[in-house]
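Here's the structure we're looking at; comments come further down.
Laboratory data are not the source of any read-out in this text; all were calculated from the coordinates shown. On a predicted model such as this, the values are computed, not experimentally measured, just so you know. As a convention, Cβ positions derive from the backbone with ideal geometry for all residues, glycine included, and neighbour counts pool all protein chains shown.
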Amino acid sequence: MNNKSRQRKTSAAPHTPHEVREPLDLAHHLPFRLSQVARMLSIGASRTFQKRFGVGVREWRVIAILGDQGPASAADMVGPAAFDKATVSRAISTLEKNGYVERLPDQSDGRKQLVRLTDQGVDLHDGMVPLAKMRAKVIEAALTSKERAQFQIILGKLKTQIEWLESDNYGERTDLK
């Protein structure tokens with residue numbers, strides 16, 4: 001540690017924050033704001049679904065994906081669920097233990113298992129969807145129909161940009177400042 005660093009560390013009072021050289025301004029930092037809103041939605045949905053149906057948002061996302069797409073492997077649900085594979089696998093195990101899903105061999109790939117809703121899972125799905133739709137309507141009510149359409153376009157653009165950002169091509173782009 002050089003003398004400047006030592007002086008900086010010892011010159012501040014114990015509870016005085018050190019000045020950063022490049023503030024982020026979290027109130028206007030888009031990734032932070034998006035993460036905040038997504039977290040609020042997730043926590044709210046989890047509380048609501050847990051109280052009403054006994055399942056959290058992890059399980060709800062798996063149920064919603066299976067209701068929308070039909071049988072799928074755990075790996076196929078990772079992207080749409082926006083969870084890692086371990087979280088999806090835990091949700092599937094919980095749902096399977098409670099009789100809402102079952103695992104079947106994949107006829108086209110003997111190494112894979114597909115997960116599908118049981119009759120009880122379909123009933124749970126169909127009971128949860130009206131509440132999910134109502135929550136979406138309440139949230140969307142903050143926007144005009146034109147804003148909702150624009151927001152869908154914006155979300156698509158952001159998703160594409162994030163996918164590119166997470167790809168191997170990120171370091172090759174030089175026009176970002």
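Things worth noting here:
- Between residue 122 and residue 96, residue separation times 0.36 nm minus the direct Cα-Cα distance comes to 8.1 nm.
- With Cα atoms, 0 to 90° folded angle of helix 119-140 axis to the chain main axis: 40
- Per-residue HN-Hα couplings for the stretch 24-37 [Karplus 6.51, -1.76, 1.60; θ = phi - 60°; Hz; x = Gly/Pro]: 9, 6, 4, 4, 10, 8, 3, x, 5, 5, 4, 4, 4, 5
- Estimated from the Cβ-Cβ distance and a Förster radius of 30 angstrom, the FRET efficiency linking residue 140 and residue 87 is about 0.65.
- Cα centroid separation - the stretch 111-157 against the stretch 28-42, whole Å: 18
- Across the stretch 105-111, coupling constants 3J(HN,Hα) worked out from phi with the 6.51/-1.76/1.60 Karplus curve, θ = phi - 60°, read x, 7, 5, 8, 8, x, 7 Hz, and Gly and Pro carry x.
- Among 49, 83, 151, the order by Cβ neighbours within 10 angstrom, fewest to most, reads 151, 83, 49.
- Amide proton proximity set for residue 114, modelled H, under 5 Å, gap of 5+: 104, 106
- A convex hull fitted to the Cα coordinates of the stretch 53-140 yields 96 cubic angstrom per residue.
- Inter-site label distance for residue 40 and residue 69 at 7 Å from Cα along Cβ, in nm: 2.9
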